[in-house]
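Engineer: Questions regarding the structure given below will be posed in turn.
The values are calculated or read from the model by the stated rules, or taken from the named source; none is laboratory data. Just so it is clear, the model here is predicted, and its values are computed rather than measured. Here Cβ is always computed from backbone atoms with ideal geometry, including for glycine, and neighbour counts include all displayed protein chains. These accessible areas exclude ligands, DNA and RNA; they are computed on the full protein's heavy atoms, side chains included. Shrake-Rupley method; radii C 1.70, N 1.55, O 1.52, S 1.80 Å.
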Amino acid sequence: MKIGIISDIHSNLEALQTVLEKMSSVDSIICAGDVVGYGANPNECVGLIKDRGIQCVLGNHDRAVLTGDTSWFNPLAAKAVHWTRNALHNECREFLAGLPEKFTFDFDFPLLVVHGSPMNPVEEYVLEERGARRCFEATKQEIIIIGHTHVAQSFSLVGVDPVVELRLYKNGGVLNLGGRTIINAGSVGQPRDGNWMASYAVIEGRRAEIFRVAYDVESTSKKILGAGLPQFFADRLHAGI
Ligand code: ZN
């Protein structure tokens, strides 16, 4: 069995379409949240996730779009949340409202999927070893899938007196799954690790691979400007920040 992992699409239709084309041979796709926010195609992105039967958790932007509560967002991100809230069709809102904060998936080994962390599934950022260790301590599953940071990275517990080993995948890479591991497949629609190309992962047996793929970023950024969304959201896509 082969599963695809995506996260943080953020209403970027061109990136999502490109990644889904690349994953045509997988048996199942999992999404670690934030389907909407920042970009100009929230309905189209929710529609694709729904139509493809992609299992998805709720992200912090998805939740803010549902509730309208932007107290934890910077002013530009809040603007995008309110724009999305207005643009979103009812059936897409219902889909987002039905997303769980976490779920487990029976693969060759048990997987736990959250947007942020197992302790705080929607909000918490896991970027360094200390946070990763707390995730391992709070759970039993061998593999934990996270998103939220927009950085493709993994944390593995290695050794007898285990230490947390952090790896980054700015240009993709292969990870052999020998023990407990946290995988962040990076962001499909707004990577922030210095590489503008869409990020995603494929797991098959004990092997995970993170891929980076070019997409039509010009179209995406033109649509953001055309929708009256902040220019920063168009500019940052080209820089991968
Ligand atoms: Zn995000």
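Engineer: Could you list all residues from the stretch 143-173 that are within 22 Å of GLY59 (Cα to Cα) and touching a Phe, Trp or Tyr at 6+ places or on another chain (Cβ under 7 Å)?
Structural biologist: Across the stretch 143-173, the qualifying residues are ILE143, HIS148, THR149, ALA152, GLN153.
Engineer: Can I ask one more? Which residues, counting only those in the stretch 197-241, are crowded, with 18+ Cβ neighbours inside 10 Å, in a strand (DSSP E or B) and hydrophobic (A, V, I, L, M, F, W, C)?
Structural biologist: ALA198, ALA201, VAL202, ILE203, ALA208, ILE210, PHE211, listed by residue number.
Engineer: Taking the stretch 54-73 as the region of interest, how many residues are modelled with pLDDT under 95 and at positive phi?
Structural biologist: 0
Engineer: Hey, can you tell me all the residues within the stretch 141-154 that are part of a loop (DSSP other than H, G, I, E, B) and closer than 21 Å to HIS10 by Cβ?
Structural biologist: The first filter runs over the stretch 141-154 and keeps only residues part of a loop (DSSP other than H, G, I, E, B), leaving 141-142, 147-151.
Hits for the stretch 141-154 are GLY147, HIS148, THR149, HIS150, VAL151.
Engineer: Got a sec? Which of TRP72, TRP83 is within 14 Å of VAL122 (Cβ to Cβ) and of a type outside the set (Asp, Glu)?
Structural biologist: It is TRP72.
Engineer: List pairs: first residue in the stretch 224-240 and within 18 Å of VAL151 (Cβ to Cβ), second residue small (Gly, Ala, Ser) and surrounded by fewer than 17 Cβ atoms within 10 Å (Cβ to Cβ) anywhere in the structure, Cβ distance under 6 angstrom, at least six positions apart or on different chains.
Structural biologist: Qualifying pairs under 6 Å: GLY240/GLY194.
Engineer: Additional query: List the helices (runs of 4 or more DSSP H) that sit entirely inside the stretch 14-104 and contain at least 1 residues that are within 13 Å of the ligand (Cβ to nearest atom), charged (D, E, K, R) and open to solvent by less than 10 Å² (accessible area, probe 1.4 Å).
Structural biologist: Details: elements: 42-51, 60-67, 75-87, 90-97.
Fully inside the stretch 14-104 and qualifying: 60-67.
Engineer: Suppose we filter the stretch 139-154 for residues that are hydrophobic (A, V, I, L, M, F, W, C) and either within 16 Å of the ligand (Cβ to nearest atom) or within 14 Å of VAL188 (Cβ to Cβ) (or both); how many remain?
Structural biologist: The first filter runs over the stretch 139-154 and keeps only residues hydrophobic (A, V, I, L, M, F, W, C), leaving 143-146, 151-152.
With the extra rule that they be either within 16 Å of the ligand (Cβ to nearest atom) or within 14 Å of VAL188 (Cβ to Cβ) (or both), the set shrinks to 145-146, 151-152.
Number of matching residues: 4.
Engineer: Continuing with the same structure: Considering each of GLU124, GLU137 in turn, give the residue that is surrounded by 18 or more Cβ atoms within 10 Å (Cβ to Cβ) and of a type in the set (Asp, Glu). Spell out how you get there, then give the answer.
Structural biologist: Values: GLU137 fails: surrounded by 18 or more Cβ atoms within 10 Å (Cβ to Cβ).
That would be GLU124, the only listed residue that is surrounded by 18 or more Cβ atoms within 10 Å (Cβ to Cβ) and of a type in the set (Asp, Glu).
Engineer: Go through the stretch 2-13 and give me each residue that's in a strand (DSSP E or B) and either polar (S, T, N, Q) or more than 16 Å from the ligand (Cβ to nearest atom) (or both).
Structural biologist: The first filter runs over the stretch 2-13 and keeps only residues in a strand (DSSP E or B), leaving 2-6.
Of everything in the stretch 2-13, those that are in a strand (DSSP E or B) and either polar (S, T, N, Q) or more than 16 Å from the ligand (Cβ to nearest atom) (or both) turn out to be LYS2, ILE3, GLY4.
Engineer: So, GLU124, is that one acidic (Asp, Glu) and within 14 Å of the ligand (Cβ to nearest atom) or not? Spell out how you get there, then give the answer.
Structural biologist: Details: acidic (Asp, Glu): yes; within 14 Å of the ligand (Cβ to nearest atom): yes.
Judged against the criteria, GLU124 is a match.
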